[in-house]
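Engineer: Sharing a structure below in structure tokens format, with a few things to ask.
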Amino acid sequence: MKKIFFLVIPMLLTIGVSAQSGNPNTMTVLVDGKEYVTEPRRIIIGAYSYITGNAINPDKSLRVWLGTYDGKEITEPGKYLIVGDEGYKKDDEVDKAWMTGQYKGIAFVRYIEETKTPRMEYHMGESVFTGQSIDVTKGDDGYLELTFDADLAGSWWKENTSATVFGGVGRLTDKMTDKAVTGATGYDQDIDPEGRGYKKQKTTDQVKLAQCKIRLKLD
């Protein structure tokens, strides 16, 4: 499901700026003990969708995808097992947990934060199987609520020198444009470092998400 998190949000989203004012959705989470509050959106592109909460300066993006064990998207009330990317079906521990019958589906989580501006370096956390889960409820008012804690596998990324040099002013301009789109619309815009001229560093750590609560109206 990694491709879900690499969907490019087109610039046409800037057309919807006025429609996003007064967004009633809410997202609160402690990221390594620091509070992060923003307004989440639901991204829908073709057959794929995910929930995303974004901010700028520094740029941040928290994304959550919910689906069946077979990888089909669902957004129904229940408990969703947080798993690692792509190879979760080959993980015996995941299979053992799934066979208990207590889960409605599975979930993927990704967190990205800019650590050196303008988008020179990133800290990223991706979900892995730890036995943690996301509780999803739906109220009579039509709002979907997600609550969870998640310990993510952390990695660090730096922009390649060649990308900086050969990209020149054009690359810098693109970065500032992406930031502007995110700031104006609330949607993530090309924040993923993988495949965009960045190199994954050897240092790894853990990104801890705690007391996360997302309230989102799907309609």
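The values are calculated or read from the model by the stated rules, or taken from the named source; none is laboratory data. This is a predicted model, so every value here is computed, not measured. Neighbour counts are summed over all protein chains in view; Cβ atoms, including those assigned to glycine, are modelled from backbone coordinates with ideal geometry.
Engineer: If I filter the range 182-200 for residues that are modelled with pLDDT of 90 or more, charged (D, E, K, R) and more than 25 Å from TYR143 (Cα to Cα), do I get at least one hit?
Structural biologist: Yes: one or more hits.
Engineer: Which of the residues belonging to the range 67-83 are out of contact with any Asp or Glu (no Cβ under 7 Å at 6 or more places or on another chain) and touching a residue at least 40 places away in the same chain (Cβ under 8 Å)? Working first, answer last.
Structural biologist: Within the range 67-83, the subset out of contact with any Asp or Glu (no Cβ under 7 Å at 6 or more places or on another chain) is 68-78, 80-83.
Scanning the range 67-83 gives GLY71, THR75, GLU76, PRO77, GLY78, TYR80, LEU81, ILE82, VAL83.
Engineer: Which residues, taken from the range 55-107, are over 18 Å from MET27 (Cα atoms), β-branched (Val, Ile, Thr) and buried (at least 19 other Cβ atoms within 10 Å of the Cβ)?
Structural biologist: ILE82, VAL83, VAL94, ILE106
Engineer: Here is a list: ASP149, ASP188, ASP178, ASP192. Which entry is over 30 Å from GLY78 (Cα atoms), buried (at least 16 other Cβ atoms within 10 Å of the Cβ) and charged (D, E, K, R)?
Structural biologist: Details: ASP149 fails: over 30 Å from GLY78 (Cα atoms); ASP188 fails: over 30 Å from GLY78 (Cα atoms); ASP192 fails: over 30 Å from GLY78 (Cα atoms).
That would be ASP178, the only listed residue that is over 30 Å from GLY78 (Cα atoms), buried (at least 16 other Cβ atoms within 10 Å of the Cβ) and charged (D, E, K, R).
Engineer: Could you please tell me which pairs satisfy a Cβ distance under 9 Å, a separation of 6+ or placement on different chains, a first residue in the range 194-219 that is more than 27 Å from SER49 (Cβ to Cβ), and a second residue that is modelled with pLDDT of 95 or more and not in a strand (DSSP E or B)?
Structural biologist: Filtered contacts from the range 194-219: GLN206/ASP32.
Engineer: Does the range 131-146 include one or more residues that are under 20 Å from VAL29 (Cα atoms), outside any strand (DSSP E or B), in contact (Cβ under 8 Å) with a residue 24 or more places away in the chain and within 19 Å of the chain's Cα centre (by Cα)? Even if it seems obvious, please write down each step before you answer.
Structural biologist: Initially, the range 131-146 is screened for residues under 20 Å from VAL29 (Cα atoms), giving 131-138, 143-146.
The next check asks that each one be outside any strand (DSSP E or B); those that pass are 131-132.
With the extra rule that they be in contact (Cβ under 8 Å) with a residue 24 or more places away in the chain, the set shrinks to 131-132.
Adding the requirement that they be within 19 Å of the chain's Cα centre (by Cα) leaves 132.
Checking the range 131-146: at least one residue is under 20 Å from VAL29 (Cα atoms), outside any strand (DSSP E or B), in contact (Cβ under 8 Å) with a residue 24 or more places away in the chain and within 19 Å of the chain's Cα centre (by Cα).
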